[in-house]
1. When you go through (1) within 30 Å of residue 164 (Cα to Cα); (2) touching an Asp or Glu at 6+ places or on another chain (Cβ under 9 Å); (3) modelled with pLDDT under 80; (4) β-branched (Val, Ile, Thr) one by one for residue 267, which number turns out not to apply?
2. Taking residue 152 as meeting all but one of (1) under 30 Å from residue 97 (Cβ atoms); (2) at pLDDT 85 or above, write down the number of the exception.
3. Hey, can you tell me all the residues within the stretch 120-170 that are among the β-branched types (Val, Ile, Thr) and either assigned to a strand (DSSP E or B) or under 16 Å from the mean Cα position of the chain (by Cα) (or both)?
4. Report whether or not residue 124 is touching a Gly at 6+ places or on another chain (Cβ under 9 Å) and at pLDDT 80 or above.
5. Would you check which residues across the stretch 236-256 are modelled with pLDDT of 80 or more and exposed (fewer than 11 other Cβ atoms within 10 Å of the Cβ) and list them?
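The values are calculated or read from the model by the stated rules, or taken from the named source; none is laboratory data. The model shown is predicted, which means the values in this text are computed figures rather than measured ones. All Cβ positions, even for glycine, are placed from backbone atoms using ideal geometry, and neighbour counts span all protein chains on display.
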Amino acid sequence: MLGKYSYHQIFRKSIIAFGTLFNNIIVKRKDSSRKDGLESYKVPIQYGPYQKYLAMIAAEPTPERQSMQISLPRLSFEIKGLHYDGSRKLVPTQMVRTIPSSGKDAEGKPIQYAQYLPVPYNLDVEMSIISKNQDDGLQILEQILPYFHPSLNVSIEVIDETKEERDIAIVLNGVGYNDDYEGDYSQRRTLIWTLNFTVKTYLFGPVDAQRDIRKVTLDYRSDIVRRPAELRYSSEVQSTAEPPVPRDEIKPEETDTYKVVESYEDIYSTDNDFFQL
């Protein structure tokens, strides 16, 4: 059962969707040299722990790494955990079928996709707002919090083959604050706002490609006690065109005409009267 390869990049897509929500935040500062008296600064956002940037600020320059300063404010986020969400559990054995928009595969034959319902999982994501003064941090915070009540839904395409789209809920769980104001004047002040989120995503299994059914053969035993015979029922599509089109090449969605031919047969005896055939 396990070992069938499938990778839909759902975690990656969920994290990208999360980061995209905060990639257009702007901080404004007073600047008397400008006509409007304000200077706009777009806040960068990157994936990774905020301690990484604090270490780069505090690190001493070396011949390999020249002295540099990290621009603040800045946003950083990272995954903190992953756990199953039983409150959103679906029927694990139920299949969902999808027909592509073209209705055909790469060879031009009718096809449909089938896969089991997804499994709900929650991603714990921590986002940090790093700033060197209080006003910058509050500007960023006030551009984020009004959109979460406490959740915000975003739509992402989770399955490339079936074009399956899902609404992913991003829930804001809490906000923390840290101000390392203690120290001498040679130390740089850093204000850190920490926002904890839960990304409610789904995991899908492999996608099975199934062609439409053109012929059905059903064998079953009618009466084991009195007569151990089996009855065979068959049904298939046949073309009514002249010359006839092969069964696998019939295109019902176009101009091809066809009929369904049914037949019954006693496969262990010639006494078809027993089944009133």
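1. (1)
2. Status for residue 152: all satisfied but (1).
3. Of everything in the stretch 120-170, those that are among the β-branched types (Val, Ile, Thr) and either assigned to a strand (DSSP E or B) or under 16 Å from the mean Cα position of the chain (by Cα) (or both) turn out to be 125, 129, 130, 154, 156, 158, 159, 162, 168, 170.
4. Yes, satisfied.
5. 242, 243, 246
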